[in-house]
Amino acid sequence: MASVIEKPRNGCALHGAVQTIEEIRGVVPIVHSNAGCAVQNYLSKKAGGAYHGGICGYSVPGTAVQERHVIFGGASRLREQIKNTLKVVEGDLYIVLNSCESSMVGDDVSAMAKEAQEQGEPVIDSLLAGFHGDVHAGYEAVMADIMEKIPLVKKIETKKEERLVNIFGILPQQDIYFRGDLAEIKRILEGIGLKANTFFGSSGGVKECEQAGNAALSLVFSRWGLKAAEALNTSCGVPYLVTDIPTGLEEVSGFVNRVLETLHIPEEAARPFLEKEAEEFYYYFDRLEEEFYELHYNRTLALVGDESNVVKLAKFLKHYFLAEIETVIITDFYRQEDLTEDKKAEELKSLAEEIRFSKDRREIRNLLLHSQAELILGSSLEMEAAKKKGIGNLEISYPVYKRAILQKTYTGIRGAVALAEDYVTKIKEMDD
Amino acid sequence: MAKVGKHIAIYGKGGIGKSTTTSNISAALAEAGYRVIQIGCDPKSDSTNTLRGNTYLPTVLDSLREGNKIHLEDISVEGFKGVLCIESGGPVPGVGCAGRGINAAVSLLQELNLFEEFKPDYVLYDVLGDVVCGGFAVPIRDGITDRAYVVSSSDFMAIYAANNLFKAINKYAPSNGAKLGGIIGNGLSAGYSKAIIDDFASKTGTKAVGYVPRSLVVSQSELYGKTVIEANPDSEHADIYRKLAKYIAESEDLVVPNPLGVADLRDWAREWGDKIYNLETGVIGAGEAI
């Protein structure tokens, strides 16, 4: 039976693809849809805490198809738009994104991209339609398409780089701390002598996409990165390692050791770095020791957000602050079968008393209202429930309405310190 | 929009003779003195050919594509005995969305006040083949027509298409959609053809409203680019079409059909397969009179 979903927090697959590629420097999106698809994504993300840059929002080239393009086919309109975009928008890689209308009509989008390729232009396509899933599916598909198709339009030196690692599965703009997360993971990898392809962020760009096939390993931090890693594995033989996002000393050490083991690099190589990190970690965490008992850091918590982030935070807070994770509500699933195929379910069961899957704000609010949680970690949409319960809401997931987030992260060692600061601050505010 | 005249949709599998039947009904109605509009709802845009002597007629969607202001006189032409001929048109095969095209064309005709201007007694919509998607159900939805007829031979695939139309009618009838007038049997040649159509009609709670046997007169008239009514007005077939037109014009016997499920339809066809085989090979079942 049909039911109402109140304020679902995830946009469509096209939105996911748009927000992913606009965060790769040098990429120009060309959206083959009716007017407004890309702008809608821009506006919702802008309201939800994304700080855009580059070609986004109103400046995204698009075909703005009308009814006559639906009836008679819009391929020639797309051809025109690709041609014009190449003339007036500078870029290193142009990615044509499909839409619901175009998919239903069956416009031959690939043929248009191929035509441009044959003229020597760096144009590829990603054929996912909005209705194929939500933002996560958009990231998943477009990253896989880039990995598969970039050799068609770029001359790539096939030279294996033994120390180069790709990072997949951290979603731009959907993970509200994605820039900081990527920077911290990159810092950790560089600390142990590796190089990281983050694709997004200050060091990312088309060049990194070109080099991805030369990497020695791909790291997959959420299920949404698996498809891209598999594509690279098939085309270039790059192995991949599926891993949780590490936060805290123990997790970071375990992560580092797993990466080194996979790359057949002796663990000793990382020892100086990990010792230094441990020193820094304990330096800060020792300062919390006194308050730990005074303020009772071990609160009962409810977490709402995408799986990989929720697992990361639940592990950390349970381990270091002895928090009791009462309720976990996972928001990044699309189909019901995603739930039964969820490999993380077992891990989650060991972390939390109750695990729920929902994108419905009302359902989430009711779950929170009936929980014993003393602090919520969720999005701004959970603020209402927090207020009703008279407890705090620490924002960890999309959307976030009243904060500017640029470099902040809750990942790694530095992220662990930042998380500790914010967690303790919330406790103090609540106890005030 | 106030409805002017009776609006009738005619469906059926591709190639079954929808356009021939519809054009002959239009011609017969016009001959009887009625004001008639025939709208071809098929990208092939050849529904009204025999009514207008194969003359060039720009389609509604051709005009829409040009993007200029559209006038009724640009997209319609009066054919045999004043039948107003209109073709919705559509994209070239393999491109775009013909279903959306039908939708847009019908909306445009309403915007142009076609029916208020022409004041027809009868409007016939000749609609492409199966109801393949929502767009092709437009003529039987939203009160555009209040009755539909289906043209079918006794071939299984034609009956399958008719059954699909019944499904669409069954779905839309409760929300002001069209009801079914009946089945028009067309191109019938074998002795058992009528019996198959009658049996299918009784299984689905409908009825056959006319039978048009296969005939050289129909083929010949088509080749002359005319309807039977115009080319062979004194033929037996012209009278068959006149009788059919009279029935369709006067009948108010409309039903919501009960389409067969996929398995039931298959079993029903199989039974007929056995019956036909026995008939041809001379096996007589118990209680079957000769």
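So the values come out like this:
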read-out: Placed amide H near residue A:128: partners under 5 Å, 5+ positions off or other chain; value: A:98
read-out: Inter-site label distance for residue A:406 and residue A:319 at 7 Å from Cα along Cβ, in nm; value: 3.1 nm
read-out: Least to most buried among A:192, B:197 (fewest other Cβ within 10 Å first); value: A:192, B:197
read-out: Cβ-based exposure ranking for A:58, A:240, in which fewest neighbours within 10 Å come first; value: A:58, A:240
read-out: Vicinal HN-Hα couplings computed from phi for region B:172-187 (Karplus, 6.51 cos²θ - 1.76 cosθ + 1.60; Hz; Gly/Pro x); value: 8, 3, x, 10, 6, x, 6, 9, 9, x, x, 9, 9, x, 9, x
read-out: Which of B:26, B:107 has the fewest Cβ neighbours within 10 Å, and the rest in rising order; value: B:107, B:26
read-out: Whole-Å semi-axes of the ellipsoid equivalent to region B:48-199 (Cα gyration tensor, √5λ, descending); value: 29, 18, 16
read-out: Amide H within-cut-off set for residue B:179, under 5 Å, with H built and near neighbours excluded; value: B:147, B:148
read-out: Signed unit charges on C-beta, dipole axis of chain B, positive-most listed residue B:105, B:221, B:168; value: B:168
read-out: Karplus (6.51, -1.76, 1.60) ³J(HN,Hα), θ = phi - 60°, over region B:216-228, in Hz, Gly and Pro reported as x; value: 5, 4, 5, 4, 4, 4, 4, 5, 7, x, 9, 7, 5
read-out: For the protein assembly as shown: rounded, prolate or oblate by the Cα gyration tensor [a/c cutoff 1.5]; value: prolate
read-out: The protein assembly as shown: antiparallel DSSP beta bridges as a percent of all, rounded to 5; value: 5 percent
read-out: Residue A:329 long-range amide H proximity, modeled H, under 5 Å; value: A:303, A:304, A:305, A:356
read-out: Cβ-derived FRET efficiency at R0 35 Å, residue A:261 paired with residue A:46, nearest 0.05; value: 0.25
read-out: Sparsely packed GluC sites (Glu not before Pro) within region A:349-410, loop by DSSP, other Cβ within 10 Å at most 16; value: A:353
read-out: Estimated distance in nm for a label pair at residue A:279 and residue B:246, the labels positioned 7 Å out from Cα along Cα-to-Cβ; value: 10.9 nm
read-out: Within chain B, longest stretch clear of exposed GluC sites (Glu not before Pro) (DSSP loop, no more than 11 other Cβ within 10 Å); value: B:1-251
read-out: Virtual spin-label span in nm between residue A:366 and residue A:383, 7 Å along Cα→Cβ; value: 2.4 nm
read-out: Chain A shape via C-alpha gyration tensor axes, a/c threshold 1.5; value: oblate
read-out: Among beta bridges that DSSP assigns inside chain B, antiparallel share in %, nearest 5; value: 10 percent
read-out: Efficiency of FRET between residue A:160 and residue A:271 - r from beta-carbon atoms, R0 25 angstrom, step 0.05; value: 0.45
read-out: Rounded FRET efficiency, nearest 0.05, which uses the C-beta distance separating residue B:175 from residue B:279 and R0 of 45 Å; value: 0.55
read-out: Region A:164-281 - percent relative contact order, Cα under 8 Å, separation 6 or more; value: 26 percent
read-out: Gyration tensor verdict on region A:99-201 (Cα atoms; rounded if a/c is under 1.5, prolate if a/b is larger than b/c, oblate otherwise); value: oblate
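Bear in mind these aren't lab numbers, they're just calculated from the coordinates by the rules spelled out. All values reported here derive from a predicted model rather than from experimental measurement. Positions of Cβ are backbone-derived with ideal geometry, glycine not excepted, and every protein chain shown enters the neighbour counts.
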